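Asker: Questions regarding the structure given below will be posed in turn.
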Amino acid sequence: MIKSSEFLDLVKYRQSDRAYLSTAIEEEKIERILEAAQLAPSACNAQPWTFIVINNQELKNKIADSTSSKVLGMNHFTKQAPIHIVIVEERANFTSSAGSLIKGKHFPLIDIGIAAEHICLQAAAEGLGSCMLGWFDEKKVKTLLNIPKSKRVPLIITIGYPEKETREKRRKNLDEIVKYNSY
């Protein structure tokens, strides 16, 4: 069993890395990252996801081009990352879909967020950096990867050996974000 202090250290280490070394990632590390994603919980065990690992250099660069914006100066680091994991939202099972409708919450996106963080935490445990991207040309990504038009791609995660050391996190104090028993 992992010690609570070890897990908290892992969470403190995990950050959104935007600079990577060109070092290739060992296949066994990618497999453990994918296993961590597979083990993520989901509403009614719907598992509404498919993970597409992009490890072909030419294809990865095309995906990277779809994530960057010259106008806004965003995501120009993505070509450095040796691996991209594209997450495709799949149809949830009946009970999860019914729950989404009844409660007015789209459970598959919540589930994908949990799986994505499992990916990033396992990457950190492997000594790798990661960054979740929501800014990209979804239509272009779907075309490049032969993803059906009816599907959505909510996230792309870059993974690689980080070029920079872990930086200190700037977060609000707990007393600003935590309430007990009432808002």
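Asker: Using Cα pairs closer than 8 Å and at least 6 residues apart in sequence, work out the relative contact order for region 26-183, in percent.
Answerer: Computed value for region 26-183: 29 percent relative contact order.
Asker: Taking other Cβ within 10 Å of each residue's Cβ, how do F107, F51 sort, fewest first?
Answerer: F51, F107
Asker: Under a 10 Å cutoff between Cα atoms, tell me which one of L145, L72, L39 has the largest fluctuation in the Gaussian network model of the chain.
Answerer: In the Gaussian network model the winner is L72.
Asker: Please give me, ordered by residue number, the chymotrypsin sites (Phe, Trp or Tyr not before Pro) of region 93-156 that lie in loop per DSSP and have at most 14 other Cβ atoms within 10 Å.
Answerer: W135
Asker: Another question about this same structure. Taking +1 at the Cβ of each Lys and Arg and -1 at the Cβ of each Asp and Glu, which of N56, S182, A125 sits farthest along the dipole of the chain towards its positive end, judged by Cα position relative to the Cα centre?
Answerer: Going by the Cα projections, it comes out as S182.
Asker: Next up: Among 121-133, 159-171, how do they line up from the highest to the lowest mean number of other beta-carbon atoms within 10 Å?
Answerer: On the way: 121-133: 21.4, 159-171: 13.5.
The peptides rank, most packed first, as 121-133, 159-171.
Asker: Please name which of Y13, F77, W135 has its Cα lying farthest along the dipole of region 7-141 towards the positive end, using unit charges on Cβ (Lys, Arg +1; Asp, Glu -1) and the Cα centre as origin.
Answerer: So the residue furthest toward the plus end is W135.
Asker: List the trypsin sites (Lys or Arg not before Pro) within region 2-86 that fall in a DSSP loop (any state other than H, G, I, E or B) and whose Cβ has at most 14 other Cβ atoms within 10 Å. List each step's numbers first, then the result.
Answerer: On the way: sites: K3, K12, R14, R18, K29, R32, K60, K62, K70, K79; in loops: K3, R14, R18, K70, K79.
Of the trypsin sites (Lys or Arg not before Pro), the ones in loops of region 2-86 whose Cβ has at most 14 other Cβ atoms within 10 Å are K3, K70.
Asker: Subtract the Cα-Cα distance of V178 and K140 from 0.36 nm times their separation in residues, and report this length gain in nm to one decimal. Intermediate values should be presented prior to the final figure.
Answerer: On the way: separation 38, 0.36 × 38 = 13.68 nm, distance 4.05 nm.
Here the segment from V178 to K140 would lengthen by 9.6 nm.
Asker: Can you compute the FRET efficiency between R171 and L109 using 1/(1 + (r/R0)^6), with r the Cβ-Cβ distance and R0 = 22 Å? Round to the nearest 0.05.
Answerer: Using R0 = 22 Å, I get an efficiency of 0.40.
Asker: Which label marks the calculated value of mean projected area of the Cα convex hull in nm², given the options (1) 13.2; (2) 16.7; (3) 12.5?
Answerer: So the calculated entry is the one marked (1).
Asker: Arrange the following residues from fewest to most other Cβ atoms within 10 Å of their Cβ: H84, H106, H76.
Answerer: Numbers: H84 25, H106 17, H76 13.
Arranged by neighbour count, lowest to highest, H84, H106, H76 become H76, H106, H84.
Asker: Looking only at region 35-76, which residues have a backbone nitrogen under 18 Å from a spot 7 Å from the Cα of I102 in the C-beta direction?
Answerer: Answer for region 35-76: 42-47.
Each value in this text was obtained by applying a stated rule to the coordinates, not by laboratory testing. It should be emphasised that the depicted structure is a prediction, and the values quoted were computed from it without experimental measurement. Cβ: placed from backbone, ideal geometry, glycine included. Neighbour counts: every protein chain shown.
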